[in-house]
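Derivation of every value follows stated rules applied to the coordinates shown; laboratory data play no part. Just so it is clear, the model here is predicted, and its values are computed rather than measured. Neighbour counts are summed over all protein chains in view; Cβ atoms, including those assigned to glycine, are modelled from backbone coordinates with ideal geometry.
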Amino acid sequence: MQKRILVSLIVTLGACSTEKPDTVSIESQDDMKQVSTLALSSTENREEASLSPQEKSNSKYSYELNGVKFSSNDRVLKKGSVVQSLSESAFGLIRGSFVVIASQFPKGVTEHYEVNEIATSTYRLIPLEGSGDFYKLYQALRKNDAFSRVEIEIDYSGKQTSDSF
């Protein structure tokens, strides 16, 4: 008899909680998207708030560059940003230029880039405004159908100053 009382007491106490359960009524697909967006943003805010200043500075951001996944401590990739290849664990520096292959070079690109032909149908593009977000520039170039291949130049020769590029 005492075992039954003890077991029921443990089960009862284990089922009790001081937190009030969150109940959400979802009536449409739009409501579902809004609830999931709110849940994601509140989780991110809690995670970010729980990080110390040192942990925030050591945060890693993921990028896919040249078909390989990279991480960086920099939220914005600039000339000289350090990136690490996740597949090879190699460190490299963003050189600040792109290499593209195009059978016919589009004319509008020359307004925003210095263009150097480095081989037949292969060009090096150097942004005229060097302080931009190179990841956004890389994505924009990849979306251009005139280019059959787009790669951001990464130097793996060792950490040097970005002025040497």
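At-a-glance table
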{"item": "Label-point separation, residue 73 to residue 111 (7 Å along Cα→Cβ), nm", "result": "3.9"}
{"item": "Surrounding net charge for residue 141, when Lys and Arg each add one and Asp and Glu each subtract one, Cβ distance under 13 Å", "result": "+1"}
{"item": "Global form of segment 60-159, assessed from the alpha-carbon gyration tensor, a/c cut-off 1.5", "result": "prolate"}
{"item": "Net charge of Cβ neighbours under 15 Å - reference residue 105; Lys, Arg +1; Asp, Glu -1", "result": "-1"}
{"item": "Lysine pairs meeting the criterion (Cα under 16 Å, 8 or more apart or interchain), as found in segment 69-143", "result": "4"}
